[in-house]
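The values are calculated or read from the model by the stated rules, or taken from the named source; none is laboratory data. Just so we're clear, the structure is a prediction, and the values are computed from it rather than from any experiment. Reconstructed Cβ throughout: ideal geometry from the backbone, glycine too, with neighbour counts over all protein chains shown. Remember, those area values only see protein heavy atoms, side chains included, never the ligands or the DNA or RNA. Shrake-Rupley method; radii C 1.70, N 1.55, O 1.52, S 1.80 Å.
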There are 2 protein chains.
Amino acid sequence: MFTQELHKTAARIDRIIRNDDFPDRILPAYLRDAVIDYPSRGGKRLRPAILLWSCGLLGGKPASAKFAAAAVEIYHNWTLVHDDIIDNDKMRRGRPSAHFMIQKIAMRKFKMKPEDALAYGKNFAILAGDIQQGWAADMLLKSVRAGVSPELTIHLSRQLHELVNRQLISGEALDIEMPLHKFENLTPSKIETMLEMKTGVLLRYCAETGAIIGLGSAKFANDSRIRKLGEFASIAGKAFQLKDDWLGIFGNEKKFGKPIGSDLTDRKPTLLIYLTWKYSDRNGRKRLSNLLGRPSYSAKELELVRKMVRESGAEAEVLQKAGNLANSAKRILLDFPDNKYRRLLLELADFLTGREY
Amino acid sequence: MFTQELHKTAARIDRIIRNDDFPDRILPAYLRDAVIDYPSRGGKRLRPAILLWSCGLLGGKPASAKFAAAAVEIYHNWTLVHDDIIDNDKMRRGRPSAHFMIQKIAMRKFKMKPEDALAYGKNFAILAGDIQQGWAADMLLKSVRAGVSPELTIHLSRQLHELVNRQLISGEALDIEMPLHKFENLTPSKIETMLEMKTGVLLRYCAETGAIIGLGSAKFANDSRIRKLGEFASIAGKAFQLKDDWLGIFGNEKKFGKPIGSDLTDRKPTLLIYLTWKYSDRNGRKRLSNLLGRPSYSAKELELVRKMVRESGAEAEVLQKAGNLANSAKRILLDFPDNKYRRLLLELADFLTGREY
């Protein structure tokens with residue numbers, strides 16, 4: 001049932017995004033295509049699902065939250081477009097990232113040299129993400145048409161800008177900055193704060209927005225169920241992120257969708273790598289540092305890293321933490337009445353931490 | 001009176017921006033500083049002035065439009081931050097541009113090499129602009145607090161995203177693309193469309209938003225005075241832009257604020273340069289093409305360009321066009337009752353095209 005419902009949600013969101021006329025008049029045409037591209041590439045649409053199901057859980061009609069659900073998906077996508085420029089990521093959901101798509105167009109259309117075309121691609125990808133941020137804000141404001149009151153729509157829009165925009169981007173900034181710090185100056189709580197900001201805040205917003213629309217009035221903004229559902233999504237998201245970090249070293253490249261070891265290349269102090277460093281002796285720390293920052297990792301080098309992560313105890317600690325977080329998240333849901341949407345959200349928590357993708 | 005009123009408006013906008021707590025919790029601190037930086041650098045605050053005075057002209061209290069006025073200023077500034085990255089501009093209002101400011105911080109704080117620090121500065125400047133776009137949207141939504149109805153606030157916010165975001169960024173994209181096209185494939189109307197999108201649309205939005213708030217109800221959105229004031233601002237903006245292009249070649253570097261000839265360096269087909277090309281014979285076109293794209297221009301080289309622009313008749317045509325546009329803009333205002341705000345807007349039109357800055 002979960003998989004079917006997730007597909008149904010994804011199809012609904014696809015339809016709203018595809019039929020929206022916001023991108024129609026963007027010029028030139030390849031900028032318009034870039035604006036539509038990421039939001040149309042599919043993906044699991046977990047954020048809309050959390051939003052719609054949280055709405056349903058509290059007795060609201062998910063249809064009234066449909067524009068908000070499409071908005072968070074578009075919002076998520078603009079952050080990906082800019083992230084990919086910043087991280088210089090080549091792939092996104094199995095296809096070239098936005099700036100590489102536009103690089104190719106510039107080489108073909110304007111006969112540009114590859115490096116000039118890449119700079120051009122990055123410039124246009126900046127603009128594509130900029131338009132998408134406006135598109136997301138506009139989509140959310142359409143909620144009035146789905147029966148959400150103007151007062152509530154303004155409340156939700158302000159939350160999007162004040163909480164999500166500010167904190168998510170601060171989280172991204174801390175993430176970029178973190179590899180520049182010595183391990184000695186990091187702490188697990190600094191790493192977890194960054195994670196909470198970069199991915200937790202938007203997930204929390206999805207659940208809270210669904211809950212608020214479900215309750216149907218801005219007056220309910222202080223209802224404790226809203227905060228609880230927000231906690232659920234944030235905690236489940238953290239569990240997902242920890243599992244994702246583990247998959248980034250122990251996973252299967254095909255299922256994971258990006259190169260195994262890319263966090264090592266980027267010297268990204270994930271909790272997993274940080275704890276490995278912390279639990280190693282002086283020689284171990286030296287060996288770990290030497291293994292970080294390579295452009296790519298052979299099977300043998302990866303095995304060396306994996307051995308250190310495993311034997312330090314970091315692997316067990318992180319996996320256990322992810323499991324505990326998933327359980328905490330699910331426990332929060334048990335305070336809610338049992339219905340279809342509670343079952344879907346419970347399965348979602350398992351899905352986020354369980355699968356080997 | 002005009003200058004005093006413009007200063008008063010600027011001071012009011014400065015105060016709103018400076019006292020707003022939106023940037024407070026941005027991390028790390030130098031990202032927060034970058035978010036505050038451009039909007040605090042002063043400038044003429046012409047956009048807020050157009051908005052507030054248009055509100056007053058139609059009998060509204062400018063105080064009710066104060067958040068909208070601060071919003072358009074912040075909005076303008078985020079586009080400048082991203083423009084400066086894209087154009088690789090080093091200066092903005094007499095100080096280093098955002099990405100160069102952060103480059104310096106990265107060199108000092110993280111001992112980065114200059115080229116790595118510049119890439120880091122660009123990445124953080126992308127994020128700073130991203131936050132500013134959210135800040136602007138949030139500021140506009142605060143209008144409810146100043147007495148603008150929720151319905152009208154949503155209407156104005158949607159206009160900001162649907163008209164301004166989409167068209168302004170499309171205009172920026174066309175501006176980046178234009179130097180890649182041959183003169184043969186350009187037309188004056190293509191160049192003017194780009195100008196209208198890149199700078200005209202936001203100015204039109206300022207006037208229309210002031211007018212709508214002045215009239216006080218979304219029901220007035222079809223009142224012909226709104227469209228007329230929008231036309232005024234858009235036409236005055238185009239006159240300003242044509243004069244600005246002229247100053248970019250004939251102006252005084254100190255007053256102009258950026259290097260004279262930088263449009264030539266960028267091979268930017270301003271209407272002035274395009275017409276020079278169009279009115280030149282085959283040899284002249286060749287000479288002009290040879291003069292474009294140099295990293296900088298000596299007084300002698302500049303004089304060669306100026307001579308061509310003047311003798312082709314392009315200079316006279318563009319200056320006359322700017323003057324005609326300024327007059328058309330002012331004529332629109334004469335349909336409105338004579339009051340303090342009409343006088344201010346009339347002076348603004350002269351200010352935009354008259355001065356030698």
- Note on the structure: Once A:Arg41, A:Arg92 are ranked on solvent-accessible area with the largest value leading and a 1.4 Å probe, the list reads A:Arg92, A:Arg41
- Once the Cα gyration tensor of the protein assembly as shown is diagonalised, what are the square roots of 5 times its eigenvalues, in whole Å and ordered largest first, as equivalent ellipsoid semi-axes? 46, 32, 22
- Query: Quick one: net charge of B:Thr153's neighbours, Cβ under 12 Å, K/R +1, D/E -1?
  - Reply: +1
- Query: Rounded to a whole number, what % of the accessible area of the protein assembly as shown do carbon and sulfur atoms account for, probe 1.4 Å?
  - Reply: 50
- Message: Run the reach check for A:Lys255 against aspartates and glutamates, Cα to Cα strictly under 13 Å, same-chain hits fewer than 8 apart removed. What comes back?
- Response: A:Asp244, A:Glu356
- Task: Can you tell me which of A:223-230, B:165-172, A:1-8 comes out highest on packing, and rank the rest after it, using the mean Cβ neighbours within 10 Å?
- Result: B:165-172, A:223-230, A:1-8
- Query: So, with +1 on the Cβ of K and R and -1 on the Cβ of D and E, and no other charges, what is the size of the charge dipole of chain A about its Cα centre, to the nearest 20 debye?
  - Reply: 600
- Query: Say the dipole of the stretch B:7-354 comes from +1 at the beta carbon of Lys and Arg and -1 at that of Asp and Glu; which of B:Leu275, B:Phe250, B:His155 then lies farthest toward its positive end?
  - Reply: B:Phe250
- Residue-by-residue Karplus 3J(HN,Hα) for the stretch B:191-197, coefficients 6.51, -1.76, 1.60, Hz, glycine and proline x: 5, 5, 4, 4, 4, 4, 6
- Message: Given a 1.4 Å probe, show me the residues in the stretch B:98-125 buried by at least 10 Å² of accessible surface when comparing the whole protein assembly to the chain alone.
- Response: B:Phe110, B:Met112, B:Tyr120, B:Asn123, B:Phe124
- Using a 10 angstrom cutoff on alpha carbons, build the Gaussian network for chain A and name the most mobile of A:Lys254, A:Lys268, A:Lys198. A:Lys254
- Place a +1 charge on the Cβ of each Lys and Arg in the protein assembly as shown and a -1 charge on the Cβ of each Asp and Glu, then give the dipole magnitude about the Cα centre in debye, rounded to the nearest 20. 340
- Item | Separation of the A:Ser328 and B:Lys340 label points, Cα + 7 Å toward Cβ, nm | 5.8
- For the A and B pair, go ahead and give the buried accessible area with a 1.4 Å probe, both sides summed, in Å² to 100. 4400
- Contact order relative to length for the stretch B:7-354, counting C-alpha pairs under 8 Å separated by 6 or more residues, stands in percent at 18
- Dipole magnitude of the stretch A:113-197 about its Cα centre, charges +1 at Lys/Arg Cβ and -1 at Asp/Glu Cβ only, in debye to the nearest 20? 240
- Just list whichever of A:Lys111/B:Lys286; A:Lys44/A:Lys340; A:Lys122/A:Lys300; B:Lys198/B:Lys243; A:Lys198/A:Lys268; B:Lys198/B:Lys340 have alpha carbons separated by over 24 Å in the model shown. A:Lys122/A:Lys300; B:Lys198/B:Lys340
- Query: For the stretch A:159-265, what class follows from the C-alpha gyration tensor (a ≥ b ≥ c being the square roots of its eigenvalues): rounded when a/c is under 1.5, otherwise prolate if a/b is larger than b/c, else oblate?
  - Reply: prolate
- Item | Given charges at Cβ of Lys, Arg, Asp, Glu: chain B dipole, positive-most of B:Ala299, B:Met194, B:Ser234 | B:Ala299
- Local net charge near B:Ala128, Cβ-Cβ under 11 Å (Lys/Arg +1, Asp/Glu -1): -2
- Item | Straight-distance crosslink candidates among aspartates and glutamates, where the alpha carbon sits under 16 Å from A:Lys8 and sequence neighbours closer than 8 are dropped | A:Glu73, A:Glu347
- Query: Say a label goes 7 Å from Cα toward Cβ at A:Pro259 in every copy; what distances in nm does this one have to the rest, shortest first?
  - Reply: 3.7
- Query: At 222 nm, what helix-only mean residue ellipticity would the protein assembly as shown give, in deg cm²/dmol to the nearest 500, using -39500 (n - 2.57) for each DSSP H run of four or more?
  - Reply: -22500 deg cm²/dmol
- Query: Could you give the distance between the Cα centres of the stretch A:282-357 and the stretch B:41-105, to the whole Å?
  - Reply: 45
- Message: Show me, for the stretch B:81-98, the HN-Hα J-couplings you get by feeding each phi into the Karplus relation (A = 6.51, B = -1.76, C = 1.60, θ = phi - 60°), rounded to Hz, glycine and proline as x.
- Response: 4, 6, 4, 5, 5, 5, 7, 6, 6, 8, 10, 8, 6, x, 10, x, 5, 3
- When each copy gets a label point 7 Å from Cα toward the beta-carbon at B:Leu304, what are the spacings between them in nm, shortest first? 5.9
- The set of residues whose placed amide H lies less than 5 Å from the amide H of B:Met91, leaving out same-chain residues fewer than 5 positions away, is B:Ser97
- Item | Between the stretch A:207-277 and the stretch B:126-202, the Cα center-to-center distance that results, in Å | 33
